[in-house]
Each structure stands twice: as structure tokens, then as C-alpha cells.
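Data block below; observations after.
Readers should treat all values here as calculations from the given coordinates under stated rules, not as data from a laboratory. Quick caveat: nothing in here was measured; it's all calculated off a predicted structure. Note that we place each Cβ from the backbone using ideal geometry, even for glycine, and neighbour counts take in every protein chain shown.
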Amino acid sequence: MRRIKIVLLVALCVLTVLLCGIFAHGMTGHNIYRAFQYDHERDYVGMHLVLEQEVSIDGIDSISVSYSMNSNDVYLYEGQGDVLTVKEYNEVGLNENQLSTVSVKGSKLEIKGKRRSSRRIGVGFFHFGYGAGYTEIWLPASYKGDLALSTSSGDIMSEMDLVLERDLMAASTSGEITMPDVTASNVLLASTSGNVRFENIETNKNETAGDISITTTSGDITVKQLAGETNIVSTSGYVNAETITGNVQIETTSGDITVQHLDGNVTVGSSSGCAKIMEGKGERSVSTSSGDVLIDGSEGLWKIQTTSGEVCVKGQNDNGSIDTTSGDVSLEIVELNGTLDINTSSGSVNMVLMQDSAFEFRADTTSGDIDTFFDDDLKFSKRGNNAQGTHGQNSQGNSIRIDTTSGDVRIKSY
């Protein structure tokens with residue numbers, strides 16, 4: 001009994017020293033998880049090759065790369081010939097049952113990471129875990145089949161352009177997804193807290209535009225060019241696209257939305273995020289709660305709904321409708337082509353039109369003022385809160401209708 005007590009006491013002392021060492025190491029500002037040093041230039045320090053395997057892609061039309069059971073980053077590089085090469089690196093040596101597996105079943109190739117801890121805890125001579133690592137996939141440019149990439153907390157990054165005749169899927173929980181140019185039949189991208197960054201995404205499915213789906217929770221989405229039928233969903237992350245060709249649907253909760261150039265129809269839904277849709281042709285349908293809306297340089301029909309957000313529209317050849325509760329409305333229309341229908345409760349309406357524009361006009365306000373550059377063409381009510389008439393030779397049947405409660409209506413000319 002005495003011997004057991006002594007053993008237990010020694011074990012307790014060792015455990016106490018170990019815990020104190022970990023605490024002291026952490027207090028110095030060091031991470032107790034002695035992971036590899038990694039900078040954003042892909043520089044891994046302390047890594048060594050633990051697996052290298054080659055497999056022919058002759059007859060392969062589907063490749064799956066899955067690292068959902070450990071935190072390995074996945075990198076794509078352009079390989080040579082018709083041989084795919086897998087290189088796995090780790091901070092520590094791994095046993096056979098801890099290494100990634102590469103298997104071929106018929107026309108399908110699967111690369112799968114084994115379950116293991118993602119970090120090695122180290123203090124002094126005491127180290128636990130299997131270390132951190134990453135995997136390189138050297139993919140021949142001749143491969144055109146399906147490609148599916150998935151990680152848990154690891155990043156997915158490509159140094160090569162992908163030109164596929166079938167689908168691309170990339171998904172990560174907290175890791176980032178970054179690629180240059182991608183061409184595929186359909187593209188599906190999903191990340192929870194990681195960012196999604198692409199240069200160009202283009203779809204071509206049987207000579208028609210394929211589907212592009214990008215989904216994040218708190219991660220940001222940044223794409224230079226998109227070509228396809230696109231659906232983008234982000235909760236709190238922002239969405240920034242330079243050029244979109246094709247119809248697109250964008251939904252966010254608090255994330256801002258910016259599209260620099262859009263040729264196609266767009267539907268935008270956001271709660272508190274702001275929406276900015278710039279140049280291009282097509283219909284714009286935007287709905288927000290408290291987020292502001294800016295449409296600049298567009299040509300086509302627009303429909304805007306917001307509660308307290310401000311609305312600003314600068315159009316070339318436009319018509320559309322605006323419904324807002326307390327947000328102000330500002331419009332600059334070079335050429336009116338159809339109907340402007342504006343409804344606001346306490347927001348003011350400020351509009352700038354070409355002097356030679358022609359349209360039927362009606363404005364109603366409860367307590368606000370009405371002031372236009374064509375007052376002489378209008379009939380005002382006794383209180384001055386209602387005005388209607390026709391300005392110019394309105395052969396095209398254009399019309400402007402404005403309803404406000406307490407907001408003013410002011411229309412100036414270029």
C-alpha cells in the first residue's frame with residue numbers, strides 16, 4: 001500500500017511540473033501548440049516528406065480529395081504527363097496507418113487523409129500528437145473529369161488553372177479556398193468561416209452556361225470574373241465581384257455586396273448589408289432592411305425595396321420602382337424609358353432628369369413640399385401637396401409617380 005502511495009505521489013509531482021511548464025510557456029507569449037511556422041508565401045518550416053505516391057489517370061474521370069478528418073492544407077500544382085502525384089508532408093514522422101491513402105476503384109480515384117490530431121503539444125522533452133501537415137496534389141493539365149476537394153480546417157489552394165469538362169467542387173469548414181482561373185461544367189464552392197477567392201470562374205455545359213454556387217457563413221467572397229448562372233449566399237461576409245456575366249442571385253445578412261459590372265439579371269437580398277450594383281445591362285431586383293442601395297450606370301429595369309436604407313440610382317436608360325419606409329431616395333436618370341414608381345413614408349425624393357425628357361407626372365405627399373423644374377406644366381392642389389400633368393411631347397408614354405408621407409419631392413434638370 002505504501003509503495004502504491006509513493007508511485008501515485010511521484011506521478012502527481014510529474015504531472016504538476018508538466019502543467020506548470022505548459023502554463024509558463026504560454027505566459028511567455030508562445031503557443032503551447034508547437035505547430036509548423038507558415039507564412040502566406042507557402043513557406044513551411046520544419047516539414048518533411050512522409051508520403052509520395054504516383055498513380056496513372058488513364059481512364060480516370062472522377063477524382064476525390066478528402067481531408068475532413070485532419071487539418072491538412074491541400075495544394076494543387078500542375079503535373080506532367082498522365083501521372084498524378086501525391087506528396088504528404090508532416091512535422092513529425094507518421095506510421096503507415098496515419099498516412100493518407102490513394103486508391104482507384106474503376107474510373108474513380110480517391111485521396112483520403114487519416115484521422116489524427118492536427119497539432120503537437122510540446123514543452124521541453126515532452127511532445128504529444130501527430131503534428132501538423134499539408135498535402136500536395138500534382139494534377140496533370142490533361143485531366144478533364146470531375147474534381148472534388150474537401151477539408152475540415154485546412155486551406156484549399158491551387159497554383160494551376162483548372163480546365164475541366166465536368167464539375168468542380170471545393171468545400172472547407174474553416175479553411176480558405178483560393179484558386180486562379182477555373183473552367184468547368186458546374187462549380188460548387190462552400191466554406192463556413194473561411195474566405196473564398198478566385199480570379200475567374202467560367203462554366204460551359206453543353207454550350208450553355210452552367211451553374212455556379214458559392215456559399216459562406218462568415219467568410220468573404222472575392223471573385224474578379226464570373227460567367228454562368230450564379231447563386232451566392234453569405235451570412236456576415238462581404239461579396240465583391242468585378243465582372244459577372246449571366247443571371248445571378250446574391251443573399252447576405254449583414255455582409256455588403258459590390259458588383260462592379262453586371263451583364264444579366266440580378267436578385268439581391270440583404271438585411272443590414274449595403275448593396276452596390278454598378279455598370280451593365282439587365283434587370284436589378286434589390287431588397288434590404290437597413291442596408292443602403294446604390295445602382296450606378298445601369299441600363300434596364302430595376303426594383304428596389306428597403307426599410308430604412310437610403311436608395312441612390314444613377315441610370316443611363318432606365319425605369320423601375322422603389323419602395324422605402326424611412327430611407328431617402330436619390331435618382332439621376334439620363335434617359336427615361338418607361339415608368340418610375342416611387343413610394344416612401346418619411347424619406348425625401350430627390351431626382352435629376354434631362355431637360356428634354358418627356359413624361360406624365362403625378363406626385364402626392366402629406367406634409368412634404370413638391371418642387372420641380374417643370375412646375376409650369378403641372379396643376380397643384382390648394383395645399384400644394386398634390387401635383388400632376390405632362391412634361392414634353394410624351395409620345396413614348398413614359399410616366400413618373402411619386403407617393404410620400406412626410407418627405408419632400410424635388411426634381412431638377414441636367
Residues in the stretch 190-216 near a label at Ala141, defined as backbone nitrogen under 19 Å from the 7 Å Cα→Cβ point? 199-202
When the gyration tensor of the stretch 98-257 is built from Cα positions, what are the square roots of 5 times its three eigenvalues, in whole Å, from largest to smallest? 30, 22, 11
Output needed: percent of Cα pairs per 10 Å distance bin for the stretch 156-236, bins running from 0 to the one holding the longest distance. 21, 56, 22, 1
Counting Lys and Arg as +1 and Asp and Glu as -1, each charge on the Cβ, what is the dipole of the stretch 217-282 about the Cα centre in debye, to the nearest 20? 40 debye
Work out how much length Thr258 to Tyr414 would gain on full extension: take 0.36 nm times their residue separation and subtract the Cα-Cα distance, in nm to one decimal. 53.4 nm
Once R0 is set to 56 Å, what does the formula 1/(1 + (r/R0)^6) return for the Cβ-Cβ distance between Ser345 and His48, expressed as a FRET efficiency to the nearest 0.05? 0.25
Three semi-axes of the equivalent ellipsoid, the chain, Cα gyration tensor, whole Å, largest first: 59, 29, 13
Restricting the count to DSSP beta bridges whose residues both fall in the stretch 110-266, what percent are antiparallel, rounded to a multiple of 5? 5 percent
How large is the dipole of the stretch 352-414 about the Cα centre if only Lys and Arg carry +1 and Asp and Glu carry -1, each at its Cβ, rounded to the nearest 20 debye? 140 debye
Hydrodynamic calc, the stretch 317-414: Kirkwood Rh from Cα pairs, then Stokes-Einstein at 10 °C with viscosity 1.306 mPa s, so D in µm² s⁻¹ is 121 µm²/s
Identify, among Val239, Ile342, Ser357, the residue whose Cα sits farthest towards the positive end of the charge dipole of the chain, taking +1 on the Cβ of Lys and Arg and -1 on the Cβ of Asp and Glu, with the dipole about the Cα centre. Val239
If you place +1 on the Cβ of every Lys and Arg, -1 on the Cβ of every Asp and Glu, and leave all else neutral, what size is the dipole of the chain about its Cα centre, to the nearest 20 Debye? 2520 debye
Could you go through the stretch 384-401 in sequence order and give the Karplus-derived ³J(HN,Hα) for each residue, using 6.51 cos²θ - 1.76 cosθ + 1.60 with θ = phi - 60°, rounded to whole Hz, and x for Gly and Pro? x, 9, 9, 9, 8, x, 10, 10, x, 7, 7, 6, 8, x, 6, 8, 10, 10
I need the shape label for the stretch 250-360. Rule: rounded when a/c is under 1.5, else prolate if a/b > b/c, else oblate, with a, b, c from the alpha carbon gyration tensor. oblate
Anchor Lys224: aspartates and glutamates whose Cα lies under 12 Å away (excluding residues fewer than 8 positions away in-chain): Asp181, Glu199, Glu202, Glu242
DSSP loop (so not H, G, I, E, B), at most 15 other Cβ within 10 Å: list which GluC sites (Glu not before Pro) in the stretch 176-212 pass both filters. Glu207
Loop sites in the stretch 286-350: GluC sites (Glu not before Pro), DSSP, at most 11 other Cβ within 10 Å: none
Where Rh denotes the Kirkwood radius from the mean inverse Cα pair distance, what is Rg over Rh for the stretch 227-276? 0.94
On a 0 to 90° scale, report how tilted helix 2-27 is relative to the longest principal axis of the chain, with both axes built from alpha carbons and the result rounded to the nearest 10. 40 degrees
